[in-house]
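Reading through the structure tokens given below for one structure.
The values are calculated or read from the model by the stated rules, or taken from the named source; none is laboratory data. Treat the numbers as computed from the prediction; the structure is a model and nothing was measured. Here Cβ is always computed from backbone atoms with ideal geometry, including for glycine, and neighbour counts include all displayed protein chains.
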Amino acid sequence: MEYNFVSRYSPKVACMDLHETNVDRLLKARSEIDEQLRHHKALLTVVFTDLVGSTSYFDRFGDTAGLAMVHRHADLAGNSFTGFGGRVIKTIGDSVMAVFPDAA
């Protein structure tokens with residue numbers, strides 16, 4: 001048996017009921033996700049570094065010297081961050097990203 005909205009509702013009402021149902025489902029799902037995320041919140045301090053002029057340094061002194069400088073920067077920054085209770089999250093090119101557990 002084929003179900004026909006038109007026989008029970010006007011097309012406009014049927015579309016509105018379907019739309020409201022989908023919106024309600026999305027809002028409920030969003031609310032559940034928001035509640036789960038609340039349990040994972042933490043105040044952190046996030047730090048980013050960047051070597052100013054690294055591109056021109058690479059151009060002037062070459063890749064070997066440039067990479068040595070980038071690695072030295074990552075080592076110095078990483079040691080400084082961990083020495084103060086932070087944790088390096090990642091390095092990207094000439095940048096370092098770190099987090100500290102306190103939002104000081």
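Worth pointing out:
Rundown of residues vs (1) at pLDDT 95 or above; (2) in contact with a Ser or Thr (Cβ under 9 Å, 6 or more places away or on another chain), yes/no style:
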{"site": "Glu20", "(1), (2)": "no, no"}
{"site": "Ile33", "(1), (2)": "no, no"}
{"site": "Val70", "(1), (2)": "yes, yes"}
{"site": "Ala104", "(1), (2)": "no, yes"}
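- Matching option when the condition is touching a residue at least 24 places away in the same chain (Cβ under 8 Å) and surrounded by fewer than 16 Cβ atoms within 10 Å (Cβ to Cβ), among Thr55, Thr45, Thr49: Thr45
- Here segment 72-96 is the region considered, the condition is being part of a strand (DSSP E or B) and among the polar types (S, T, N, Q), and the residue that is nearest to Ser54 (Cα to Cα) is Ser95.
- Qualifying residue in segment 36-46 (condition: of a type in the set (Val, Ile, Thr) and at pLDDT below 90): no
- Condition broken by Leu26, with the remaining ones in (1) hydrophobic (A, V, I, L, M, F, W, C); (2) surrounded by 10 or more Cβ atoms within 10 Å (Cβ to Cβ); (3) free of Cβ contacts under 8 Å to residues at least 40 places away in the same chain; (4) not in a helix (DSSP H, G or I) satisfied: (4)
- Scanning segment 92-104 for residues that are within 26 Å of Lys41 (Cβ to Cβ) and surrounded by 13 or more Cβ atoms within 10 Å (Cβ to Cβ) yields Ser95, Val96, Met97, Ala98, Val99, Phe100.
- Residue list for segment 37-78, filter: hydroxyl-bearing (Ser, Thr, Tyr) and in contact with a helix residue (DSSP H, G or I) (Cβ under 6 Å, 6 or more places away or on another chain): Thr49, Tyr57
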